[in-house]
Amino acid sequence: MAPNIPAAALRQFIAGKWEDGDGAELTSGNPARPEETVAAGRQATAEQLERSVSAASEAAAAWAAVPMHERGAVLLRAAALLEGSAGDLGLELAREEGKTLAEGRGEVARAAQILRYYGNEGDRSAGEVFSSPRRGEQILVVRKPLGVVGVVTPFNFPIAIPAWKIAPALVYGNTVVWKPASTVPLLAQRLAEALDEAGLPKGVLNLVIGPGALGTALVEHPLLDGLTFTGSTGVGRRLAAAGAGRGVPVQAEMGGKNAAIVLAGADLDLAAEQVLFGAFRSTGQKCTATSRLILEEPVADDFLSRLARRLQQWNTGDPADPSVHMGPLVSSAAADDVRRGIDAALSAGAALVFQGELPEGAGSAFVPPTILELPADAAEAEANPAWTEEFFGPVLAVRRARSAAQAFEWAGQGEYGLSAAVFTQDITRVLDAVEGIDVGILHVNSESAGADPHVPFGGAKKSGYGPKEQGQSAKEFFTHTTTVYLRGGAPA
Ligand code: UN1
């Protein structure tokens with residue numbers, strides 16, 4: 001167990017200077033140890049946001065003129081800094097957010113990996129060349145930054161998600177005003193510190209930690225040229241609407257209600273391991289988490305008993321303890337919401353199939369891993385909140401399907417379409433899943449969560465709005481194109 005550590009000082013980063021917030025008091029706690037303050041300071045005010053946007057706007061033209069290789073070099077230096085302190089930062093992340101130490105350290109390493117991927121962007125293709133229907137001409141498509149980009153990020157990946165938005169924003173030549181989730185602000189500060197130390201010019205990145213109203217003020221700011229958001233569906237849609245009203249492009253990554261489908265003939269041990277990871281790692285607080293489990297009838301009982309056996313070995317507790325597999329929710333309020341969701345699902349006819357144990361003295365931010373089986377009646381099952389609502393916690397809702405086709409149809413129910421996982425050894429069913437399940441990310445024989453920096457990430461249907469994130473897709477949002485009709489002078 002980690003000893004009590006003094007609270008870190010929270011600061012804002014505006015126009016290249018670290019300063020205190022001028023707003024209300026801001027503290028972040030440790031959800032596993034309610035008496036412990038992880039970081040403390042003051043919130044940013046509207047005036048500090050205003051100065052941040054002005055600084056980003058003033059820095060924009062000069063930053064856009066820096067060669068991409070030089071912009072990338074700053075990201076590569078920041079990646080090395082994060083890698084050098086991944087142990088300490090991972091512990092801070094676990095203490096502040098509640099995910100396990102291994103996941104916290106893994107997330108910091110992932111942020112570094114993302115910075116590296118975009119740090120090398122200068123070595124990749126920067127545009128396209130088309131042939132022209134006219135003699136003596138070529139047509140080039142070159143890319144340019146949007147300008148000042150607002151970045152609004154959630155609590156659940158407090159360094160990886162910011163890295164995968166900020167790294168492409170910067171390498172493609174934008175300047176940034178970043179408002180992270182104020183519940184988990186310390187890792188935001190750590191990423192900004194690494195980028196500052198790596199040599200970002202003043203005003204290119206500005207960090208304002210404060211209330212949600214700052215996000216709204218950002219999207220409504222006349223100097224803002226784009227906004228990228230990850231978080232709840234409600235907030236994402238409000239920001240997208242505000243952006244549309246002003247003609248400002250918005251990229252929003254929102255909710256998911258992701259299914260794992262286990263078909264007859266699947267490797268059930270592999271499936272049980274992966275479903276457990278998908279549903280319960282990070283305490284289920286991922287937009288890609290598995291929250292629906294659809295079992296083909298012949299393997300349903302066998303699979304559920306294997307999953308329950310694994311869960312009996314799955315320890316819930318203080319995430320700073322290396323033997324713990326699952327920590328608390330981010331806060332008691334978040335845990336209350338999940339408990340209310342479980343109660344509502346039970347009142348609507350769900351049956352409790354499995355509920356893990358909590359350690360003695362576990363505080364109110366803890367909810368044990370919970371598996372609910374939904375009623376056999378389709379209409380009842382499909383009206384159950386555990387089937388329709390994103391609880392954002394360690395809760396899995398199970399249904400039994402007559403066939404693979406029925407399982408795929410159920411997986412697609414509702415407005416979300418972020419990810420799905422299919423467990424089968426039958427190539428024909430795999431191809432049916434690729435064609436038939438409308439999601440942004442499909443896993444075959446692996447858990448529904450996870451993302452690699454070099455490939456597109458994001459949802460189908462109402463899970464995502466605007467271009468996909470990561471890989472080369474990121475440039476679809478962070479740049480616009482200029483089509484250049486290129487002809488020489490008079491022939492010699
Ligand atoms: C992952 O599955 O590892 O907010 C990343 C989220 C997603 C990120 C998921 N945007 O949970």
Cα long-axis angle, helix 233-246 against the chain (0 to 90 degrees, to the nearest 10)
20 degrees
Taking R0 as 45 Å, what's the FRET efficiency between Asp343 and Ala490 from their Cβ-Cβ distance, rounded to 0.05?
0.05
Listing Phe423, Phe303 from the residue with the fewest other Cβ atoms within 10 Å to the one with the most, what is the order?
Phe303, Phe423
Counting C-alpha atoms alone, how compact is region 86-203: give Rg to one decimal and Dmax as a whole number, in angstrom.
18.0, 65
Given an 8 Å cut-off on Cα distances and at least 6 residues of separation, report the relative contact order of region 377-463 as a percent.
28 percent
Cβ crowding within 10 Å averaged over residues, with 26-33, 345-352 ranked highest first
26-33, 345-352
How large is the convex hull of the Cα atoms of the chain per residue, expressed in Å³ as a whole number?
160 Å³
Just the number, please: Stokes-Einstein D of region 414-492 in µm²/s, Kirkwood Rh from C-alpha pairs, 20 °C, 1.002 mPa s.
141 µm²/s
Would you order Ile161, Ile14 from fewest to most other beta-carbon atoms within 10 Å of each residue's own beta-carbon?
Ile14, Ile161
Residues whose placed amide H lies under 5 Å from that of Phe157, excluding near-sequence neighbours
none
To the nearest 10 degrees, how steeply does helix 297-312 sit against the main Cα axis of the chain, on a 0 to 90 scale?
80 degrees
Region 80-119 to region 201-268: how many Å between their Cα centroids?
22 Å
Checking a compactness column here: for region 1-158, what do you get for Rg(Cα) / (2.2 N^0.38 Å), N being the number of residues?
1.38
Sorted by Cβ density within 10 Å, fewest first, the residues Phe157, Phe392:
Phe392, Phe157
Run the helix sum for the chain: -39,500 (n - 2.57) per DSSP H stretch of 4+ residues, divided by residue count, reported at 222 nm to the nearest 500 deg cm²/dmol.
-12000 deg cm²/dmol
Here the relative contact order (percent) of the chain, from C-alpha pairs under 8 Å and at least 6 apart, is 18 percent
Rounded to the nearest angstrom and ordered from largest down, what semi-axes does the equivalent ellipsoid of region 193-248 get from its C-alpha gyration tensor (root of 5λ)?
25, 14, 10
I'd like the orientation of helix 332-347 relative to the chain: the angle between its Cα long axis and the longest Cα principal axis, in ° from 0 to 90, rounded to 10.
50 degrees
Are there trypsin sites (Lys or Arg not before Pro) in region 379-409 that DSSP marks as loop and that have at most 14 other Cβ atoms within 10 Å, and which are they?
Arg402
Projected area of region 145-261, taken from the Cα convex hull and averaged over every viewing direction, in nm²?
7.9 nm²
How big is Rg to Rh over region 404-449, alpha-carbon atoms, Rh as the Kirkwood inverse-mean-distance radius?
0.92
The answer for Ala264, listing residues at least 5 apart or on another chain whose modeled amide H is closer than 5 Å to its amide H, is Glu296
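None of the figures in this text is laboratory data; all of them are computed from the coordinates on show. Because the structure is predicted, anything quoted here is derived from the model rather than measured. Using ideal geometry, Cβ is built from the backbone for each residue, glycine included, and neighbour counts are taken over all protein chains shown.
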